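Here's the structure we're looking at; comments come further down.
None of the figures in this text is laboratory data; all of them are computed from the coordinates on show. Quick caveat: nothing in here was measured; it's all calculated off a predicted structure. So basically every Cβ, Gly included, is an ideal-geometry build from the backbone, and we count neighbours across all protein chains shown.
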Amino acid sequence: MGRLVHFEIHVDDMERAMKFYGEVFGWSFQDWSEYAGLPYYGAVTGDESTPGINGALMKRQSAPPEPNQAINGFTCTMGVENYDQTEAKILEHGGKVAMPKYALPGMAWQGYYIDTEGNIFGIHQPDENAK
């Protein structure tokens, strides 16, 4: 079975991206550039005792995504405890709304955002009362 074990977010400005993901989601970073041969920072996304995976921020090797183009790859979605507070942090730290908050009835709140590097990501707050 091919279980997802790592992700990479391609970025133009490593410091700006680390600040965004660190401030919004509380991620910490480790410099793995020596191993990768380019600017590459491992991202610790949470406590090992909770579900989820770690990944990395990687220096973008080509042009960034064009606004309003279809997603050509994977979209990462982060689980959050409080959707509205997380959205406020995203916007405060330079993110933008790509698709506003909507209900997955009886399951959760979901929405999509654009990070400081032009990448789309989602946030997801479980809530049985969502409708």
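Decide, for the chain, between rounded, prolate and oblate: order the square roots of the alpha carbon gyration tensor eigenvalues as a ≥ b ≥ c, take rounded if a/c falls under 1.5, and otherwise choose prolate if a/b is larger than b/c, else oblate.
Because a/c hits 1.5 or more and a/b exceeds b/c, the chain counts as prolate.
Can you give the local net charge around residue 82? Use residues other than it whose beta-carbon is closer than 13 angstrom to its beta-carbon, Lys and Arg +1, Asp and Glu -1.
In short, -2.
Order these by the 10 Å Cβ neighbour count, fewest first: 97, 5, 24.
The order, fewest Cβ neighbours first, is 5, 97, 24.
Test of understanding: ordering 4, 57, 91 by Cβ neighbours within 10 Å, fewest first, what list do you get?
Result, fewest neighbours first: 4, 91, 57.
List the chymotrypsin sites (Phe, Trp or Tyr not before Pro) within segment 37-129 that fall in a DSSP loop (any state other than H, G, I, E or B) and whose Cβ has at most 13 other Cβ atoms within 10 Å.
Sites meeting the loop and neighbour criteria: 74.
Sum up the charges of everything whose Cβ sits under 13 Å from the Cβ of residue 17, counting Lys and Arg as +1 and Asp and Glu as -1, but leave residue 17 out.
-3
To the nearest 20 Debye, how big is the dipole of the chain about its Cα centre, given +1 on the beta carbon of each Lys and Arg and -1 on that of each Asp and Glu?
320 debye
To the nearest 10 degrees, how steeply does helix 83-92 sit against the main Cα axis of the chain, on a 0 to 90 scale?
40 degrees
Within the set of other residues whose C-beta is less than 11 Å from the C-beta of residue 116, count the net charge using Lys and Arg as +1 and Asp and Glu as -1.
Residues close to residue 116 contribute a combined charge of -3.
Please give the Cα centre distance for segment 65-131 versus segment 1-61, rounded to the nearest Å.
First find each Cα centre; the distance between them is then 18 Å.
Cα-Cα over 19 Å: which of 19/101; 101/131; 19/59; 96/131?
19/101; 96/131
Please give me, ordered by residue number, the GluC sites (Glu not before Pro) of segment 24-102 that lie in loop per DSSP and have at most 15 other Cβ atoms within 10 Å.
Passing both the DSSP loop test and the Cβ count: 48, 81.
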